[in-house]
Amino acid sequence: MAKLNNWGRLKWTTTGLVKQLVFMDLTVTINEQNCLVFKTFRKEMALNLYLPPNSAHPPDTIRSLVFGRVRAYFLHNTYREDFEAECVRLAQNLINSSWSWEDLRSHFDDAEAAMMAI
């Protein structure tokens, strides 16, 4: 840190070593085996993710939104159960935004199938 603070105009501070931190949309943890574990971090209401069906966006926007979020959750989460929990939360919030599960189901199924093919 001393070398960083002697270079450029930025000054760095630290709170010491930690086992967990939030970086952008990820929670990064060092587990008991000293391995990195990643999990999606999301504020309670990221309203930009929950467009209502009557928005002025093109009709295929919901497909892109679901696919993009499912892909991000798949890539961001170390454990499958965390990936699945994020997908369920996304679906619940979209349903709370007036989407019907019948309108969403095929998008989630297609996105999950694409992730399983990776």
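Numbers for the structure displayed
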| quantity | calculated |
| --- | --- |
| Rounded to the nearest 10 Å², the accessible area of Lys39 at probe 1.4 Å | 90 Å² |
| Helix axis angle, 80-96 relative to the chain longest principal axis, alpha carbon, degrees | 50 degrees |
| The chain, accessible area per residue, ligands and nucleic acids excluded (1.4 Å, Å²) | 74 Å² |
| Correct option for P(r) over Cα pairs in 10 Å bins from 0, in percent [calculated from the coordinates] among (1) 12, 35, 26, 15, 11, 2; (2) 14, 47, 31, 7, 1; (3) 13, 41, 29, 14, 3 | (1) |
| Heavy-atom accessible surface of segment 35-92: percent carbon and sulfur, 1.4 Å | 59 percent |
| Spatially proximal lysines relative to Lys3 (Cα-Cα < 28 Å; intrachain offsets below 8 disregarded) | Lys11, Lys19 |
| Thr29 versus Trp101: modelled label distance in nm, points set 7 Å from Cα along the beta carbon direction | 2.9 nm |
| Extension gain, Phe41 back to Asn6 (0.36 nm per residue minus Cα-Cα distance, nm) | 9.3 nm |
| At most 14 other Cβ within 10 Å, DSSP loop - chymotrypsin sites (Phe, Trp or Tyr not before Pro), segment 43-105 | Tyr79 |
| 0 to 90° range, to nearest 10: angle between helix 61-76 axis and the chain longest Cα axis | 40 degrees |
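The values are calculated or read from the model by the stated rules, or taken from the named source; none is laboratory data. The structure displayed is predicted, hence computed values, not measured ones. Neighbour counts run over all protein chains shown; Cβ positions are idealised from the backbone, glycine included. What goes into the accessible areas is simple: the full protein's heavy atoms, side chains included, and nothing from ligands, DNA or RNA. Shrake-Rupley method; radii C 1.70, N 1.55, O 1.52, S 1.80 Å.
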